[in-house]
1. Rounded, prolate or oblate: which fits segment A:387-495, taking a ≥ b ≥ c as square roots of the Cα gyration tensor eigenvalues, rounded meaning a/c under 1.5, else prolate when a/b beats b/c?
2. Quick check on segment A:570-645: what does the Kirkwood estimate of hydrodynamic radius come out to from the alpha carbon pairs, in Å?
3. Could you tell me whether segment A:465-526 comes out rounded, prolate or oblate from its Cα gyration tensor? Rule is a ≥ b ≥ c as square roots of the eigenvalues, rounded for a/c under 1.5, then prolate if a/b exceeds b/c, otherwise oblate.
4. Rounded to the nearest 0.05, what FRET efficiency do A:Glu400 and A:Gln701 have when you use their Cβ-Cβ distance and R0 = 41 Å?
5. Looking at segment A:553-611, which GluC sites (Glu not before Pro) are in a loop (DSSP not H, G, I, E or B) and have at most 15 other Cβ atoms within 10 Å?
6. For segment A:209-305, give me the percentage of DSSP beta bridges that are antiparallel, rounded to the nearest 5 percent.
7. Below 9 angstrom from the Cβ of A:Asn562, what's the summed charge of the other residues (Lys, Arg +1; Asp, Glu -1)?
8. Listing B:Ser58, A:Ser645 from the residue with the fewest other Cβ atoms within 10 Å to the one with the most, what is the order?
Amino acid sequence: MDRRPDLQGQGRFKRRKMEDTDSRNSAESDDDGGVKVGNFAQPTEVKPKKEDLDARPSRHTEGIDQLVEKTSKRKRKKEEDAEEASDPYIARQHEEPVPKKKELDPRANPYLAHRYEEPAEDEGSYNGYSNGYGRPTNRMNGVSNASSLARFPRHKSTAAMAKNAEDGPNNPFSGQPLSSQYFSILKTRRNLPVHQQRDEFLQMYQKSQFLVFVGETGSGKTTQIPQFVLFDDQPHIQRKLVACTQPRRVAAMSVAQRVANEMDVTLGDEVGYNIRFEDVTSQKTILKYMTDGMLLREAMNDNNLNRYSTIILDEAHERTLATDTLMGLLKEVAQRRPDLKIVIMSATLDAQKFQSYFNDAPLLAVPGRTHPVEIFYTPEPERDYVEASLRTVLQIHASEPEGDILLFLTGEEEIEDACRKIRLEADEMIREADAGPLTVYPLYGTLPPNQQQKIFDPAPPPSKKGGRPGRKCIVSTNIAETSLTIDGIVYVVDPGFSKQKIYNPRIRVESLLISPISRASAQQRAGRAGRTRPGKCFRLYTEGAFKKELIETTHPEVLRSNLSSTVLDLKKLGIDDLVHFDLMDPPAPETLMRALEELNYLACLDDEGNLTALGKLASEFPLDPTLAVMLISSPEFYCSNEVLSLTALLSVPQVFVRPASARKRADEMKSLFAHPDGDHLTMLNVYHAFKGPEAQANPKQWCHDHFVSLRALQSADNVRQQLKRIMETHEIELVSAPFEDKNYYTNIRRALVAGFFMQVAMKEGNSKTYVTVKDNQNVILHPSTVLQTESDWLLYNEFVLTTKNYIRTVTTVKPEWLMDIAPTYYDITEFGKGPVKSALQRTIDKVRRKEATKGRKR
Amino acid sequence: MAKIDSSSPPAAGPGPEELDDYMSMTIAEPAKPAEKETYTQRRIRKQREAEARSRPKSKAELAAAAAAARDDALSTALPNSSKGFQMMAKLGFKPGAALGASSNPNARTEPLHISVKEDRGGVGMQNEKKRKFREEVEGVEKKQRAEEGGYRERVGKEREEKRVEGMFWGAMRVLEGLEQPEGRDQVPVKKVNVLWRGLVRERQEKERERRARYDLHQGFSRSAAYVDPEEDEQDRQALGKEEEDVEEEDEELNEFLNLEGKERLKRLVGYLRKEHQYCFWCKFKYVDEKMEGCPGLEEDDHD
């Protein structure tokens, strides 16, 4: 097998000299396939560097991905729009809502916009360009409508006024006549619980800078509140945007689509979304759904978030790392920008915590539209929660009236296994006990979207006329707990566990561990049963355990994560006093200590804690600092193309597929790619083979045959493109040693050391165990490794905690390299007495002897 | 070079060639017990240690070692000498303080605890198991303790019973002496005062046993149960084979003997006082009913 990829088209980069001072924009147009005019008019391009790197729709040609096609179509459309908008004739029509002086401002020229991007924040909130519009462009063509909205007193409107505008006949924002579909949706929208309190919301919103809004699932907050805000805040007049953050990409996409329908506009026009690697917005956009991470990235280049007039943090109760960081940041930004309004939306009732955190902000609570849910506990603790949940599901199917079942389990393997068993048992029940048909669907994050979509299929009909009704059973991770709403669920089975990330700075382990959920989570889960009608929730634990063993709320991610990436972000956000940065739940000081120390060893921070040049560069990459530093230093080792691929591969889900039904075959296939020196090089071989002509002829079949994940590889490809663009922007060279070079693979292994030198383990005596350097943890190789070379020193990608301590994805390295490439970390005087120190000492002696003999020879 | 003197420091000075130190060392050993070991001992120990080291550890041992190292590291805070700490100190961080706004009550000072789930036990199972185990252990301990206490008590009780029983027999003998000073066996057993009838019956049983043994020795190979069809009842009575039927139900006596030892003794003592003005405890027969000089009815009164 040819393990060498054809690097054409993705590697072997010929650097093009940038004519423009703004290299970033040129880079953009570089691989844009010729359409250049529109580039500057693109809101995202005129604005922060960071963002376009992250947010650009993917346009590479290799992946024949529908999504990509769609995006590029959208893109084309946007570009047309941009051209149209820049037409002075059309522009004149927009005079009314636009302050006159802006019209003549040279800044309005989209071709010059890049010159003005930096001072934006100094010009205060009314500069008109902070939302990235190349020129004043709100497209309120219908004069009557424009005036209907224009008559709105900003921050003084009422629900009645908004109702009037909503009733048409023309779209208050686009000026187009409203469709009949719009009116039918409007009817249902007005039945949503939040609608009853629109006036109340508006009054609070107008009065206060911060507002905490609590709405249970089904209240309509995610779709309606941003629209309420639009009518009152009128961002189009300010030439600003309303942002609504979501913790999940999928949610941002689907909610944006829904709201675009509700507002009777095309997605990407007035309403758009922006997630990592995908930006579906235009200069017309006034409401942008985005991931919390995206907003954070934008804040790095625009510390005051001047593009936005209102920021809505949705699903704040999920307490993602990005949401928590944003909250801390927004508290500071709010002081600098009194005009900025901030709405925190949460689904749970611990809203008081948010309230007091945001300086006693007013609170508005809207009841959800839920039905009562009856809760059942087991009389005794369960011996085996998986077995118990299967039993419960089957029992519900056998004896409960019509209604779908939702079972919560912890992970992919467990879920697939459970699905198989339920199907088997259900088939038997149908044959022998005349039970109704039962379809079982798995649901977890790494499931392909088309399969995720299946959960919305209706339950199967009775197998024969008059027979017992069919039902569906969804076996899900805690995705279905808050983010995804599945109607028709009447029964929830809750074993009380979920997989949670946990980090401990003392042994530097970041692992997914199965842990008991919190009481708040259990409540959310139960609530899922009452979406359509009264339901039942079966908790597979005792009531006593619910009260005593479960913690009240799930620990926020900031307490469960390695913070080195966040520290780098905060530094980039201009926050220097990390110790007193006002987080809602400050983590243990040791976590920050470790993060600072790691960044210092990586040379991203100097001893004073200031961002170094390398640190600044590393923060430009949406990567862990370890990976970013590895990538940035890779040209020194003549293998930046390969390290770039590897970085992409390490940032996507597992490439190798090992289905339970064909483990042996999968392992055989994996061994075809195996490199004796370890897993990193093996992954690289897979990628190279995947990019080869044979695989590209029919990627789907090829991946299926070789037991690798097409989705993972495609997304690695995508990530690679994005990262490549960032590298080009920052003039990091893309180089490769010739494949015939005997150091081809050695170079890559050495480059790995440049980033991962803190993740190294040394063999213990002659046993199979290793001990991690500095932390002295006993570890063994994860069984998935392909490593064949005996080596005393291994570099690992992950320290996984299960019942054993594993290191996963390993590659052999040499101690000389460690001391050569990371001399500060491997400073022998810093080591305590022990086998690692003596091994390092031996290496020093060896190197010295070698040099001595060399010298003598000379 | 023979160092028999046990007071001299053994074997520390001499060179390694002196294998005969073996002797002196063993002799020296009692002077400094467990401090020194012989060459052989040391050699064996070293060998054993080396073996232990070279032996591939079992999976369980490895897991235990790894878990121990992990727990150890997890419970050790990062040192204040770390670079991270120094950077934080420059920002005004003090050891033991928390991060964030000073007024924040949610700030943590310790990292979250890591616990690895090792089985599929449901929520609460782990604690339920622990609870059950604890209960079981407690139960066993309690039982043991109870048994321990019971033993002592029982032994004490048994001893007391034995003592009372002994005194009861003594009292019966006293009463017999008082009531039938001249000769024995003259009154039919059933006529004897029930309070000391037991004594009589005991004596008769012993006598019968003795006789049976004697018969055995004399060669009358006749079992006691043997019934000669030729002999009629009178013959048998005449031959002394069927004297009085002692085994015949003696309800009165049985009832009395079934009483507790203390009660029997009490009645006997009471009877002795009442009928014979004799105090069993004083071992003295008083002249009149007043029994002047006797401290009281109970044994405790006579200490």
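Rule-based calculations on the coordinates, nothing more; no lab input. These numbers come from a predicted model, not from an experiment. Backbone-built Cβ (ideal geometry, glycine too); neighbour counts: all protein chains shown.
1. Prolate shape, in that a/c is at least 1.5 and a/b is the bigger ratio.
2. Taking the inverse mean of 1/r over all distinct Cα pairs, segment A:570-645 comes out at 13.5 Å.
3. prolate
4. So, using R0 = 41 Å, E works out to roughly 0.40.
5. A:Glu608
6. Of those bridges, close to 25 percent are antiparallel.
7. After counting each charged neighbour, the total is -1.
8. Exposure proxy ranking, most exposed first: B:Ser58, A:Ser645.
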